[in-house]
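Q: Take this structure first; my questions come after.
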Amino acid sequence: MKIPENGKLLRIFIGETDRHEGKPLYEAIVHRAREKGLAGCTVIRGIEGFGASSRIHTAKILRLSEDMPIIIEIVDAEEKIDAFCKEIDGMIQEGLVTVEKATVLLYRHNDKK
C-alpha cells in the first residue's frame, strides 16, 4: 500500500473507559480502521491530562485514575481520512477529533518476515 506524500493525520482524543457496543472505544476504532483498509492505526495511552470537564486524569500513585487519556492516530490519504471521520462520528460520544496535514516521508513494510 502506498500513502501519498501529502496525507492527513487523524488524531482522536478519548478516555480509556469510553465504550462502543460493549467494548473499549479505542479498540472499536482500531478494528473499524482495519476493516476500512486504512494504512495503520496507533493507540497511545497518556499518563496525565484533562479534557472539556477540566478534571485531571493521572497515573500518579496518589491520584490513580481509571480513565486515562487515550490518543488514536491514523495517517492516510486525505479522501480515506475524510471518509473515516464520517464513519466514526456516531461512535464518539465525548472527546476531541482533529485532522491536520501530514507529509509522509516513508511508509514501508518488510515482506521477508
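Q: What number goes with the only condition from (1) free of Cβ contacts under 8 Å to residues at least 24 places away in the same chain; (2) within 14 Å of the chain's Cα centre (by Cα) that Val97 does not pass?
A: (1)
Residue by residue, here is whether (1) assigned to a strand (DSSP E or B); (2) among the charged types (D, E, K, R); (3) modelled with pLDDT of 95 or more holds:
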| site | (1), (2), (3) |
| --- | --- |
| Gly51 | no, no, no |
| Leu62 | no, no, no |
| Asp67 | no, yes, no |
| Ile72 | yes, no, yes |
| Val75 | yes, no, yes |
| Lys80 | no, yes, yes |
| Ala83 | no, no, yes |
| Lys86 | no, yes, yes |
| Met91 | no, no, yes |
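Q: Can I ask one more? Just give me the residues in segment 87-99 being surrounded by 10 or more Cβ atoms within 10 Å (Cβ to Cβ) and not β-branched (Val, Ile, Thr), in sequence order.
A: Glu87, Met91, Gln93, Glu94, Gly95, Leu96
Q: Could you look through segment 1-49, keep only residues that are part of a loop (DSSP other than H, G, I, E, B) and among the β-branched types (Val, Ile, Thr), and pick out the one that is surrounded by the most Cβ atoms within 10 Å (Cβ to Cβ)?
A: Keep residues of segment 1-49 that are part of a loop (DSSP other than H, G, I, E, B), which gives 1-5, 16-18, 21-22, 36-41, 46-47.
Still in the running and among the β-branched types (Val, Ile, Thr): 3, 17, 47.
Details: Ile3: 18, Thr17: 13, Ile47: 10.
Checked segment 1-49; the qualifying residue surrounded by the most Cβ atoms within 10 Å (Cβ to Cβ) is Ile3.
Q: Another question about this same structure. Exactly one of (1) of a type in the set (Ser, Thr, Tyr); (2) touching a Gly at 6+ places or on another chain (Cβ under 8 Å); (3) at pLDDT 95 or above is unmet by Thr103. Its number?
A: Checking Thr103 against (1) of a type in the set (Ser, Thr, Tyr); (2) touching a Gly at 6+ places or on another chain (Cβ under 8 Å); (3) at pLDDT 95 or above, the one that fails is (3).
Q: Across segment 93-113, which residue is farthest from Glu5 (Cα to Cα) among those that are assigned to a loop (DSSP other than H, G, I, E, B) and among the hydrophobic types (A, V, I, L, M, F, W, C)? If you could, list the steps in order and put the result at the bottom.
A: Step one: filter segment 93-113 for residues assigned to a loop (DSSP other than H, G, I, E, B), giving 93-95, 104-113.
Going one step further and asking which of them are among the hydrophobic types (A, V, I, L, M, F, W, C), we end up with 104-106.
Values: Val104: 5, Leu105: 7, Leu106: 8 Å.
In this case the residue turns out to be Leu106.
Q: Based on this model, can you work out whether Ala28 counts as in contact with a His (Cβ under 6 Å, 6 or more places away or on another chain), in contact (Cβ under 8 Å) with a residue 40 or more places away in the chain and not basic (Lys, Arg)? Lay out the reasoning, then the answer.
A: Numbers: in contact with a His (Cβ under 6 Å, 6 or more places away or on another chain): yes; in contact (Cβ under 8 Å) with a residue 40 or more places away in the chain: yes; not basic (Lys, Arg): yes.
So Ala28 fits the description; yes.
The values are calculated or read from the model by the stated rules, or taken from the named source; none is laboratory data. Quantities reported herein were computed from a predicted structural model and do not represent experimental measurements. We place every Cβ from the backbone using ideal geometry, glycine too, and count neighbours over all the protein chains shown.
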